[in-house]
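Peer 1: I have a structure I would like to understand better, so I am pasting it below and will then ask my questions one at a time.
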Amino acid sequence: MIRLWMPFLALFAFALITALVATPLARLLAWRIGSVDYPGGRRINCKPLPRMGGIAIFVALSAGVASQYLWMSLFGEPLFLGIDQRLAALDYPKLAIGYLLIFVTGILDDVFGLSPKQKLLGQFVAAIMAVFGGLVIDVVINPFTNTAIELGWAAYPITVCYLIAYANIFNLIDGLDGLASGIACIAGFTMWIVSTMAGHTDAAALAIVLSGATLGFLRYNFNPASIILGDSGSLLIGFVLGSISLLSVQRVAGLTSIIVPLVISLIPIIDTFSAIVRRGRAHVSIGQADKGHIHHRLMEEGFNQRQTVLFIYLWTGMLSLGSIVMTQVEVMPRIFIFCVLIIASVLFAMRLHLFRPVLLHHYNPETGADELVNPQDEGFEEAAEKFEEEHPLFPHVGE
């Protein structure tokens with residue numbers, strides 16, 4: 001048992017210490033080159049904060065991975081014995097290039113400010129490289145009939161979209177001190193537990209390294225933060241978590257194995273989905289930033305920054321515990337737990353009015369223009385309530 005747990009503990013500690021050392025250096029570099037996030041608009045921070053926290057995460061992840069090769073060169077045996085043979089077909093240099101590309105995309109955005117199309121292009125190329133490296137699901141197993149569903153050529157675009165989506169859900173939820181990094185730490189630790197129980201050692205190793213890296217970074221990122229992730233960090237941790245979930249089900253995946261990582265990351269998924277619905281209902285661009293995210297709504301309810309983040313940590317922990325239980329029970333209880341977690345989370349999202357538009361179009365009779373009304377504007381709340389009455393989210397319910 002000790003031989004099993006010690007390598008993971010060593011990786012966790014190594015990534016944690018590396019992040020603790022690298023974060024102040026990343027902060028200093030961000031100040032030097034002017035990669036700073038200033039208050040204003042939808043920003044919550046009240047003081048300028050350096051971006052590029054992703055440098056510390058990337059360095060810690062790289063150090064964790066490199067330590068496994070160092071162990072091999074020093075002792076002549078892999079750090080982890082009995083690695084799943086299904087992973088032998090992976091091209092790890094190509095996967096590493098994919099991680100590097102998503103990190104570079106985030107760095108360029110932190111320093112120069114990329115357009116949405118440029119950021120999406122960088123994410124697309126990174127995901128393509130990961131797929132070229134063998135990170136793809138070819139077959140899905142139906143849990144009811146135990147039959148295999150061949151995805152064929154569709155496996156490649158599905159995997160690319162999956163990785164891009166995972167990167168962006170963490171990018172969108174990164175709005176408070178310690179929020180995205182804390183969720184990633186909890187998600188990484190949970191994926192480590194699930195992967196270890198399933199015998200997927202590579203996925204478990206990467207998950208525990210990410211957990212250690214984000215926990216070390218959280219020392220400087222928790223409120224009051226002295227540095228934030230920036231896109232270099234939020235895109236990277238989302239991309240890595242997506243990769244871990246795919247490593248856990250490499251090539252052949254049970255439907256439950258695909259669902260579990262989605263449950264673990266359900267909060268950023270709901271936040272992203274509600275943002276799409278909210279902006280679509282208001283007829284504004286999906287890329288239009290607003291102050292309608294989960295953390296904004298909780299703060300409107302009276303929570304401060306720390307309370308909001310800790311509440312979301314607790315919510316994530318509940319989902320993570322449920323996902324672990326799902327892997328240990330039969331099909332029907334598994335479906336029941338999944339439905340309870342989804343329904344409870346969606347109902348709470350509706351309680352927070354996550355689907356209510358924050359930016360509303362309003363005809364100004366004085367100017368004759370169609371203007372956007374912001375939450376700070378007088379009469380916004382009345383306009384929002386009237387909008388929901390005229391445009392219900394579920395128009396046919398109760399008819």
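No value in this document is a laboratory result; all are computed from the given coordinates. These figures come from a predicted structure and were not determined experimentally. Here Cβ is always computed from backbone atoms with ideal geometry, including for glycine, and neighbour counts include all displayed protein chains.
Peer 1: V36's amide H: which non-local residues (gap 5+, or another chain) put their own amide H closer than 5 Å, with H modeled 1.01 Å from N in plane and none for Pro or chain starts?
Peer 2: Amide H neighbours of V36, under 5 Å, 5+ apart: R51.
Peer 1: I've got another one for you. Hey, what do the phi angles of region 299-309 turn into as Karplus ³J(HN,Hα) couplings, whole Hz, using 6.51/-1.76/1.60 and θ = phi - 60°, x for Gly and Pro?
Peer 2: Running phi through 6.51 cos²θ - 1.76 cosθ + 1.60 with θ = phi - 60° gives 5, 5, 6, x, 6, 8, 4, 5, 5, 4, 5 Hz.
Peer 1: Taking the Cβ of each residue in R281, R351, R356 as the centre, tally the other Cβ atoms inside 10 Å and list the residues starting with the fewest.
Peer 2: By the 10 Å Cβ count, ascending: R351, R281, R356.
Peer 1: Next question, about the same structure. Looking only at region 154-190, which residues have a backbone nitrogen under 17 Å from a spot 7 Å from the Cα of N304 in the C-beta direction?
Peer 2: Residues 176-179 fall inside that zone.
Peer 1: Estimate the FRET efficiency between D138 and S226 by the formula 1/(1 + (r/R0)^6), using the beta-carbon distance for r and 56 Å for R0, to the nearest 0.05.
Peer 2: 0.80
Peer 1: Per-residue HN-Hα couplings for region 62-68, Karplus 6.51 cos²θ - 1.76 cosθ + 1.60 at θ = phi - 60°, whole Hz, x for Gly and Pro?
Peer 2: 5, 5, x, 5, 5, 4, 5
Peer 1: What is the spread of the Cα atoms of region 280-339 along each of their three principal axes, largest first, in whole Å?
Peer 2: On the principal axes, region 280-339 reaches 43, 31, 16 Å in Cα extent.
Peer 1: Between Q328 and M197, how many nm apart are label points set 7 Å from Cα along the C-beta direction?
Peer 2: Label-label distance for Q328 and M197, simple model: 0.5 nm.
Peer 1: So between V104 and I276, what do we pick up on full extension, going 0.36 nm a residue minus the alpha carbon distance?
Peer 2: 59.3 nm
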